[in-house]
Amino acid sequence: MRALMLGLMATLSVHIVCAQKSPVKFGDIPLEDLKMKVYDKDSSAAAVMLVDYGEAYVSVTAINASLVFERHVRIKILTKEGMSWADAGIPLYHSGSAEERVTKLKATTYNLENGKIVETDMSKDGIFKEKFNRNINLQKFTLPNVKEGSVIEYSYTVTSEFLSNFPNWQFQYDIPVRWSEYWAMFPEFFFFEKYMQGYIAPTSYEIKNKANSDFQIQAHHWISKDVPAFKEEPFMTCEDDYVSKINLALSHISFPGQPVREIMGTWSKLNTVLLESESFGKAISGSNFLKKKVEEITTGVTDPQQKAAAIFSYVRNNMEWDGVKDKYTDNLKKVFESKKGTTADINLLLGAMLDKADLPVEMMLLSTRDHGFVRETYPMEEQFNYVICTVKIGDKRLLLDATDKYLPIGILPERCLNGQGLVISKINHGWISLDAKAKSKTVVSSDLVLKESGELTGKVNYTFDGYDAHRVRKDYFAKGETDYLKKFLEDKTWEIQKSEFQNLKEIDQNAKQLHELIISEHCTLAGNVIYLNPYVTSQVKENIFKHEKREYPVDFGSPADRTYMCKIVLPEGYAVDELPKPKVIVLPGNAAKFSYNISQTGNVLNVISMLQINKALFLQDEYPHLREFYNQVVAKQSEQIVLKRK
């Protein structure tokens, strides 16, 4: 595309520079901003972004074409927590030998000392670069002498040869923004797709046409004033999905007298490109060095599903994920030998091995929960950050990710449960839902004896399945048994007599932990009365949804199932004076259900309680019902059993 631009501009012999002007002058800090101790529109704010100004434009001459992005930021630090804003980073895209460049970086801290403004400029020692992922480096810098009350300010210019990477603009952050302004200036032969996200619309938006010698420039101008801080809520995917933001994507270029050049393309076009890529499709069909190992793993195995399971187990158990999410591999032979790599390295290796076993393997692109939603309307590869395998055996399709040692075949890590994935295939190209194939499931079974002293003795056993079993295994093997138990017991007043763990290495079975114990501080004694809450564990003590209104969907990731069963033998000489009444709560469509019942046989009480979340996603209009559901669960589980001496 750069060559095409230069070919046109050589005939026009023009230079495009449409720089605008920041609303504030660098270094000109109002005294009232330095004196500010609390932001009047949000008294809880740790910092305030006073000004965030940006402009992006294309600069073209007969010998050069580049994308220019200029930014000017000013922030008021109000509390110690707000000092983290003194650490900043500029993402720089690179491909091959080309990389975006930062120039004109300057940064200054302003403090009010004895009534005078003291300026401290950043030195070169505060600037460094580090790798973020395969195509992004971060130019990081730290402003000096920052304290509570400081105002910090920085500005920079990024110059890029990647003309299709037009910068997006974020209006909202987790601190309030007093003024945010963005200019995006496109030559008339550039056509962009633009989509706004978030729940706070800009204060103003206008398009101005500016003449520039032989053609027009379309200047898009956004301003947002007094933007409230983004407040994270429980059970969200990632902040970037919901903050107020304008996204820009170059769709096509139409030069006068020349055919239209597609830039964005289509998902079908991306499918073709990936199938032919040496770092993707051809890595699957090639890699013949894997044939010998595949034959060794599958010797004597004829059933396709058993073959897939054997290969999956080999890769899962022998390859270590380095924590990096990626879509492309560099060298599968190197990965195979080092036994370590990115998600792309491990899962493309898995795909290549399945291919060598003549299994119908295909790869699937997806975006993890911390990376954001994929918007299918905009066929942009950068929306994806992850790749897994898919194998269809008979009428069953398996989704495979071998990066996690504690998940069985066909169960994706929770980070992958995010909307839909795109299958890259010669024949089955298309979208597949990434719904959870397992629940987060825990069953607690207690067998206890209550003494007159209020002491409870007996057993409490846990059975974990699905994602709950995964979490237990991951923590147990990361910490070791001693530290795992210490963490598990830190919020419990239990005296453990004996603990036992079962099936932790058997990934395809339920994980179990069994405890023999004494609980001394669970009951309340008042004369001849004992007050007992039957939940010695697993009680929902407070509503996780505290706000009356919800701005964003509730995304649990996977359905959940919590079952609590407790048998309590009562002490001699005591009788039940009051028992909590049975209760069943069901949300519309059986989206969630809670049931609670206590029965008595002689001097034995049996408690059975079930809490089920039967779907992963609740929209905003369902939130009031979900919140009230949890209010009632908390209230019911807090009720006491009352025992009196006969």
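Among residues of the stretch 463-480 that are at positive phi, those with a beta-carbon under 6 Å from a residue that is at pLDDT 95 or above at least six positions away or on a different chain give the pairs GLY466/SER440; GLY466/LYS441.
Here is a yes/no grid of residues against (1) closer than 26 Å to LEU617 by Cβ; (2) part of a helix (DSSP H, G or I); (3) modelled with pLDDT of 90 or more:
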| residue | (1), (2), (3) |
| --- | --- |
| PHE235 | yes, no, yes |
| VAL243 | yes, no, yes |
| LEU250 | no, no, no |
| PHE255 | no, no, no |
| PRO259 | no, no, no |
| GLY265 | no, no, no |
| ASN271 | no, yes, yes |
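Condition first: in contact with a Leu (Cβ under 8 Å, 6 or more places away or on another chain) and within 18 Å of ASN111 (Cβ to Cβ). Now tell me which residues in the stretch 66-81 satisfy that. ARG74, ILE75, LYS76, listed by residue number. Considering only residues in the stretch 105-127 that are modelled with pLDDT under 95 and either of a type in the set (Lys, Arg) or out of contact with any Leu (no Cβ under 9 Å at 6 or more places or on another chain) (or both), the one that is farthest from GLU70 (Cα to Cα) turns out to be ASN114.
Summed over the stretch 625-646, the residues that are part of a helix (DSSP H, G or I) and either in contact (Cβ under 8 Å) with a residue 12 or more places away in the chain or touching a Leu at 6+ places or on another chain (Cβ under 8 Å) (or both) give a count of 11. If I filter the stretch 505-513 for residues that are among the aliphatic types (A, V, I, L, M), touching a residue at least 40 places away in the same chain (Cβ under 8 Å) and in contact with a helix residue (DSSP H, G or I) (Cβ under 7 Å, 6 or more places away or on another chain), do I get at least one hit? There is at least one residue in the stretch 505-513 that is among the aliphatic types (A, V, I, L, M), touching a residue at least 40 places away in the same chain (Cβ under 8 Å) and in contact with a helix residue (DSSP H, G or I) (Cβ under 7 Å, 6 or more places away or on another chain).
Looking only at residues that are in a strand (DSSP E or B) and hydrophobic (A, V, I, L, M, F, W, C) in the stretch 426-449, which one is nearest to GLU516 (Cα to Cα)? If we take residues in the stretch 426-449 being in a strand (DSSP E or B) and hydrophobic (A, V, I, L, M, F, W, C), then LEU448 is nearest to GLU516 (Cα to Cα). Of the strands (runs of 3 or more DSSP E) lying entirely inside the stretch 101-156, those containing at least 3 residues that are touching a Gly at 6+ places or on another chain (Cβ under 9 Å) and surrounded by 15 or more Cβ atoms within 10 Å (Cβ to Cβ) span 101-113, 136-142.
Only residues that are crowded, with 16+ Cβ neighbours inside 10 Å and either modelled with pLDDT under 95 or farther than 27 Å from LEU270 by Cα (or both) were counted across the stretch 314-323, and they come to 4. Going through the stretch 414-472 one residue at a time, which ones are surrounded by fewer than 16 Cβ atoms within 10 Å (Cβ to Cβ), more than 30 Å from GLN383 (Cβ to Cβ) and aliphatic (A, V, I, L, M)? The answer is VAL449, and nothing else. If you check THR403 against the conditions, is it among the hydroxyl-bearing types (Ser, Thr, Tyr) and part of a strand (DSSP E or B)? For THR403, the condition - among the hydroxyl-bearing types (Ser, Thr, Tyr) and part of a strand (DSSP E or B) - is not met. Of the residues ASN288, ASN331, ASN271, the single one that is more than 22 Å from LYS474 (Cα to Cα) and touching a His at 6+ places or on another chain (Cβ under 9 Å) is ASN271. Among the residues making up the stretch 624-646, those that are within 23 Å of GLY198 (Cα to Cα) and either in contact with an Asp or Glu (Cβ under 9 Å, 6 or more places away or on another chain) or not assigned by TED's automatic domain parsing to the domain that holds TYR574 (or both) are PRO624, ARG627. Here's a check for you: in the stretch 581-608, which residue that is in contact (Cβ under 8 Å) with a residue 12 or more places away in the chain and of a type in the set (Ser, Thr, Tyr) is surrounded by the fewest Cβ atoms within 10 Å (Cβ to Cβ)? So the residue we want is SER595. Of note, GLU578 satisfies the criterion of being closer than 17 Å to CYS523 by Cβ, of a type outside the set (Lys, Arg) and exposed (fewer than 15 other Cβ atoms within 10 Å of the Cβ).
Scanning the stretch 130-141 for residues being in contact (Cβ under 8 Å) with a residue 12 or more places away in the chain and either more than 30 Å from PHE162 (Cβ to Cβ) or among the charged types (D, E, K, R) (or both) gives a total of 2.
If only residues of the stretch 366-395 that are in contact (Cβ under 8 Å) with a residue 60 or more places away in the chain and assigned to a strand (DSSP E or B) are counted, the one that is nearest to PHE192 (Cα to Cα) is LEU366. Residues being out of contact with any helix residue (DSSP H, G or I) (no Cβ under 9 Å at 6 or more places or on another chain) and either part of a loop (DSSP other than H, G, I, E, B) or not assigned by TED's automatic domain parsing to the domain that holds THR159 (or both) are entirely absent from the stretch 50-70. The number of residues in the stretch 396-414 that are touching a residue at least 60 places away in the same chain (Cβ under 8 Å), touching a strand residue (DSSP E or B) at 6+ places or on another chain (Cβ under 7 Å) and over 15 Å from LEU349 (Cα atoms) comes to 2. Taking the stretch 325-345 as the range and being polar (S, T, N, Q) and surrounded by fewer than 20 Cβ atoms within 10 Å (Cβ to Cβ) as the test, the residues that pass are ASN331, SER338. Output the residue which, of all residues in the stretch 474-527 that are of a type in the set (Asp, Glu) and assigned to a strand (DSSP E or B), is farthest from TYR406 (Cα to Cα). Out of the qualifying residues, it is GLU495.
The values are calculated or read from the model by the stated rules, or taken from the named source; none is laboratory data. This structure is a prediction, so every number in the text was calculated from the model and none was measured. Glycine gets a Cβ as well: all are built from the backbone with ideal geometry, and neighbour counts include every protein chain shown.
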